[in-house]
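*Asks:* Can you read through this structure? Questions will come right after.
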Amino acid sequence: MVSKQLPLFSGVFKLNDKSTADRSSTFVDNMQLPIHRWFRYSAGFSAQWVEQEIRQAMSGGMVQLLDPFAGAGTTLLEGERCGIPVRGVEAHPFVCRIARARLAWRESPDRFWELAQEVNRLAQRQGGDVDGYPDLVVRCYPPQTLAALDALKRAWKVYNDGSPLSELVWLALVAILRVCSPVGTAQWQYVLPRKEKKEMMPPDVAFQIQVSNMAADMRWRQQMPWGEPARIFQEDARVCPSLPDGWATLVITSPPYTNNYDYADATRLEMSFWGEVSNWGELQQKVRRFLIRSCTQHVAAEKLELDEILQDANLTPIVDELRQQCKLLAEERLLHGGKKPYHLMIAAYFSDLARVWKTLRRVIAEGGRACFVVGDSAPYGIYVPVDRWLGELAIAAGFRSYYFEKIRDRNVKWKNRKHRVPLHEGRLWVEG
């Protein structure tokens, strides 16, 4: 049994210089940090690195921080901790809800704990059912485990009043779904029902541990100074309608990469459990259509034509190179079994990011700066210079200059690789 008297989270959160340099573009160290650890969303970067950049910017004057691809809220949480105004934009509705729930850390940990215990007690009394779940969910859980998870979900719905406290309990249940599954439920990005894990946790135990950790983190965070609450908008980064002109002085973000990850699919198990999608095909309508076009599934569903995309005037600075690489991709795809339309994906991606830069030029104050954590790609072995093309699109949108700071090499260990083109990852800095 978990004690109601919860310990405060304690510890020193520092990385050595080597780790900071090598891993600042990854989320892995965030899973050791209060609040950040509440949900494992792999599409992110190091919270410690974000804090370093914020504090360095603060040394030069007032900072108003924006993350137009806010994900589960890493930048927003660090902006709050540094005591500066911070805004985020996230188009994925389920991920945006996760971020908003994490930002509810100001709520009473005692009331959160009591609500979670009420939900757990009701779940134990009334039990759950396994009927009506999508096939993916059924394949991921033994009947007894799914019934226990369903019991928690049903109990939560009884107590749900739409409050931040209810959303915190919702997040606690969301966060344990993969922990409780015996199948391969790696967070990024596919669920593999045929692959078994060595260990799984019973739902009642996992729920209590998650609630205990969350309450402890809330107590720890509430001992620190409180700044202005961060705000997150479920909106399109290509437009950012809720952000006024010239609001941001600093942007720290990581847009989708051009490596064909389907960001809509990243939370399909969770969305399936909650009844928000019933199959893979529904992701296009429910999620993918709101996102930057960075996967072949997206562009295939839209039935795009390359010439039409390349007519976008925003692509003018790179259109000749882009057309050439897309032509090579169109030819290369015919030699592969999947015939994935990478040529359309790449063209659509840069068309979308060109619009993002134009919007950021409106939103970022004169003299402000932006940092994009990006990686290049080589679909079918055809190289795409992502950082350079994004930099040139930023200049065309009205920014003054850009430079790229490489963090690490990628794709240099050739084993099990589909191509042998060296790649890199780093930070694209754009000056306003």
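*Asks:* Any residue that is in contact (Cβ under 8 Å) with a residue 60 or more places away in the chain and within 30 Å of G83 (Cα to Cα) - is there at least one of those in the range 173-182?
*Replies:* Yes - at least one qualifying residue is present in the range 173-182.
*Asks:* So is K303 loosely packed, with under 15 Cβ neighbours inside 10 Å, modelled with pLDDT under 95 and closer than 15 Å to P341 by Cα or not?
*Replies:* Spelling it out, K303 is indeed loosely packed, with under 15 Cβ neighbours inside 10 Å, modelled with pLDDT under 95 and closer than 15 Å to P341 by Cα.
*Asks:* Kindly indicate whether A57 is in contact (Cβ under 8 Å) with a residue 12 or more places away in the chain, surrounded by fewer than 24 Cβ atoms within 10 Å (Cβ to Cβ), farther than 27 Å from G246 by Cβ and hydrophobic (A, V, I, L, M, F, W, C).
*Replies:* no
*Asks:* If you check G88, G79, which single one turns out to be touching an Asp or Glu at 6+ places or on another chain (Cβ under 7 Å), touching a residue at least 12 places away in the same chain (Cβ under 8 Å) and over 14 Å from Q222 (Cα atoms)?
*Replies:* Among G88, G79, only G88 is touching an Asp or Glu at 6+ places or on another chain (Cβ under 7 Å), touching a residue at least 12 places away in the same chain (Cβ under 8 Å) and over 14 Å from Q222 (Cα atoms).
*Asks:* Specify the residue that is surrounded by the most Cβ atoms within 10 Å (Cβ to Cβ); the eligible residues are those in the range 38-49 that are at pLDDT below 95 and under 21 Å from Q223 (Cβ atoms).
*Replies:* For the range 38-49, the residue satisfying everything is A47.
*Asks:* Please pick out the residue among R139, R111, R121 that is more than 30 Å from G368 (Cα to Cα) and modelled with pLDDT under 95.
*Replies:* Unique residue meeting the criteria: R139.
*Asks:* Collect the residues in the range 65-78 that are of a type outside the set (V, I, T) and closer than 15 Å to L33 by Cα, keeping them in residue-number order.
*Replies:* A72, G73, L76, L77, E78
*Asks:* Does the range 382-402 hold any residues that are in contact with a Phe, Trp or Tyr (Cβ under 8 Å, 6 or more places away or on another chain) and more than 18 Å from F350 (Cα to Cα), and which are they?
*Replies:* none
*Asks:* Could I ask something else about it? Can you spot a residue in the range 199-209 that is among the hydrophobic types (A, V, I, L, M, F, W, C), under 28 Å from E51 (Cα atoms) and in the same structural domain as L177 (by TED's automatic domain parsing)?
*Replies:* yes
*Asks:* Going through the range 195-221 one residue at a time, which ones are outside any helix (DSSP H, G or I) and free of Cβ contacts under 8 Å to residues at least 12 places away in the same chain?
*Replies:* Result: K198, E199.
*Asks:* Also, I was wondering about something else. Inside the range 91-105, can you point out the residues that are surrounded by 24 or more Cβ atoms within 10 Å (Cβ to Cβ) and touching a strand residue (DSSP E or B) at 6+ places or on another chain (Cβ under 6 Å)?
*Replies:* A99
The values are calculated or read from the model by the stated rules, or taken from the named source; none is laboratory data. Quick caveat, the model's predicted, so the values are computed rather than measured. For neighbour counting, all protein chains shown are included, and Cβ atoms are generated from backbone atoms with ideal geometry for every residue, glycine included.
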